[in-house]
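Inspection log for the structure reproduced underneath, given as structure tokens.
The values are calculated or read from the model by the stated rules, or taken from the named source; none is laboratory data. Since the model is a prediction, treat every value here as computed from it, not as a measurement. Note that we place each Cβ from the backbone using ideal geometry, even for glycine, and neighbour counts take in every protein chain shown. Heads up: the accessible areas ignore ligands, DNA and RNA and are worked out on the full protein's heavy atoms, side chains in. Shrake-Rupley method; radii C 1.70, N 1.55, O 1.52, S 1.80 Å.
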Amino acid sequence: MQKVIVLDFGAQYGQLIARRVRDLRVYSEIMPCDAPADEIAAAEPSAIILSGGPASVYADDAPQVDSAVFDLGVPVLGFCYGQQIMAKTLGGVVGHTEVGEYGPATITRVSPSHLLDGTPDEQTVWMSHRDSVAKVPDGFTITSSTGVCPVASMECAERNLYATQFHPEVRHTTYGTQMLSNFLFGICGLEPSWSMDNLIDSLVDEVRAKVGSDRVILGLSGGVDSSVVGALLSRAIGKQLTCVFVNHGLLRKNEPEEVEEVFTKQFDVDFVHVHAEERYAKLLAGVTDPEQKRKIIGTQFWEEFFAVAQQTGGVKFLAQGTIYPDIIESGARKTGGKASTIKSHHNLIPFPEGVSFDLIEPLDHFFKDEVRALGTALGLPDHIVWRQPFPGPGLAIRIIGDVTPEKLEILKNADAVVREELDAYNARLFEETGERNSEHSCWQYFAVLPDIKSVGVMGDERTYQRPVIVRAVESTDAMTADWAKLPYDVLGKISSRIVAEVPGVNRVVYDCTPKPPGTVEWE
Ligand code: XMP
């Protein structure tokens, strides 16, 4: 399989480049920047890309590249720090420019260039640097410059070495994709033939090679990431995988049944449905503090999980649905992706005495939309692949105050109405725009049950019942969010259906608070 190796000189840079390459349908993965050339050669790359990075090439601990990488006979392309380290390693000079360049800049082509082929002589690129190349190595020509950066790009076509000071992988570089295509298809002669099916095959091979005949355990939450890992491992190792689904009774209406259906009927794994609803109900009785609820729920999850792990016996590996943004968020993985991290909200796994597992994180190279595409290719249904974000502590943090069976029942039923109506609303927008998360579609939407009652009238009778709060937000990453500007008829239908269909509710209100200052959840 044709493969591009990205040597990563600083977390966050390499994966974005690898992703852009995969978008062009060439397989790409990253290796640490200091990987020895023979190790890189053993991976049989068709091309090598050197990423950017935050260091200065002259810093004491500046990441280096094995100079033999440039003699492998494999085309190399460097971006930003990648250009500087290429220049320095091959005998050029890197210096401080008087002023740094951060943000958009205009480059002017100064000589013919294979890399810039088919792009305008003057164009906008994205810069982010203070150091830059002052003298190119022997055999290189300067192909473009800016007012402050004499070597905005350089190349040595004879040795197939190319580099840019700017970042073609960033969308703000107008012709970045064209440059990457020039490199992959024009210069390296690769074919845009890689697909999800190839990816599944190679991930399956990797998992089989790592696991052998050992047993793997996976905590299934019903969420996208753990489900995709479950589906993938099922394809790779079938019944050597034990999926533990801890049912805390705090999932949404019908969700436990849906998860069980998929992982018992569609995928051939050892599925353990832990009915822990009553244990959770007891532990949560009378608890009103949100953080206390989270703590109880998280701790009990691991109790339940390890109980199954111990009963199962002989488990060597723990699988995790860690995806690439989790690693960025937790900031824990060093360049090159060698160290392992545990998903941030799981990062304090209280392993019982004497218990340890090796980790398997097959999705840790991928972005969320790639993970969804993988899930679809593995045959997971849309309701799992396109599931909206749902917090680990579940409905417990959407019931203000203590959690009781009566309140849970009300919230599940009201939430089912909100989801049904807003799923339909999103589906209409998807049909109109062709985009899943278009400008006005709701990203997360649910019901919240506050701890109050209010007066109402139904028929001729005075009622004194609970209100339900509808929360619907537009967002891309939950860091910030805006309340969804839902049409009145959609809100009206949600309101009338909840009051008519959910006993114990006589009023519906809509939360129109952005984040900040509000959070998405109420607890
Ligand atoms: P907030 O409420 O902080 O939520 O604006 C941001 C995103 O995180 C989700 N969330 C959680 N997810 N455990 C989780 O796994 C939690 O304790 C938790 N609290 C909030 C929330 O649903 C939203 O998507």
Checklist line | Filter result for Ile237 (of a type in the set (A, V, I, L, M, F, W, C), more than 21 Å from the chain's Cα centre (by Cα) and part of a helix (DSSP H, G or I)) | finding: yes
Checklist line | Extreme residue, farthest from Val509 (Cα to Cα), among residues of segment 456-482 that are open to solvent by 70 Å² or more (accessible area, probe 1.4 Å) and modelled with pLDDT of 95 or more | finding: Arg462
Notebook entry, point to check: Can Leu218 be described as touching a residue at least 60 places away in the same chain (Cβ under 8 Å), in contact with a helix residue (DSSP H, G or I) (Cβ under 8 Å, 6 or more places away or on another chain) and either part of a strand (DSSP E or B) or outside the structural domain of Asp358 (by TED's automatic domain parsing) (or both)?
Noted result: yes
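For (1) open to solvent by 10 Å² or more (accessible area, probe 1.4 Å); (2) in contact with a Ser or Thr (Cβ under 6 Å, 6 or more places away or on another chain), each residue gets a yes or a no:
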{"position": "Gly222", "(1), (2)": "no, no"}
{"position": "Ser226", "(1), (2)": "yes, no"}
{"position": "Val229", "(1), (2)": "no, no"}
{"position": "Leu233", "(1), (2)": "no, no"}
{"position": "Thr242", "(1), (2)": "no, yes"}
{"position": "His248", "(1), (2)": "yes, no"}
{"position": "Glu260", "(1), (2)": "yes, no"}
{"position": "Phe263", "(1), (2)": "no, no"}
{"position": "Gln266", "(1), (2)": "yes, no"}
Checklist line | Enumerated strands (runs of 3 or more DSSP E) restricted to segment 434-523, each holding at least 3 residues that are more than 15 Å from the ligand (Cβ to nearest atom) and of a type outside the set (Gly, Ala, Ser) | finding: 454-458, 461-474, 505-510
Notebook entry, point to check: Does Asp117 satisfy being over 21 Å from Gly14 (Cβ atoms) and open to solvent by 10 Å² or more (accessible area, probe 1.4 Å)?
Noted result: yes
Notebook entry, point to check: Only one residue in Ile323, Ile328, Ile342 is surrounded by fewer than 17 Cβ atoms within 10 Å (Cβ to Cβ), within 16 Å of the ligand (Cβ to nearest atom), at pLDDT below 95 and β-branched (Val, Ile, Thr), so which one is that?
Noted result: Ile328
Note to self: Tell me which strands (runs of 3 or more DSSP E) are completely within segment 26-80 and hold 1 or more residues being of a type in the set (Asp, Glu), or say none if there are none.
What the structure shows: 27-32
Check: Taking the stated definitions as given, is Phe183 open to solvent by less than 50 Å² (accessible area, probe 1.4 Å), outside the structural domain of Lys316 (by TED's automatic domain parsing) and at pLDDT 95 or above?
Finding: yes
Notebook entry, point to check: Taking strands (runs of 3 or more DSSP E) that do not extend beyond segment 106-169, which have at least 1 residues that are modelled with pLDDT of 95 or more and in contact with a Lys or Arg (Cβ under 9 Å, 6 or more places away or on another chain)?
Noted result: 122-135, 141-145, 153-156
Next item on the list: Scan segment 197-215 residue by residue and report those that are open to solvent by 20 Å² or more (accessible area, probe 1.4 Å) and in contact (Cβ under 8 Å) with a residue 60 or more places away in the chain.
Entry: Asp197, Asn198, Ser202, Glu206, Lys210, Asp214, Arg215
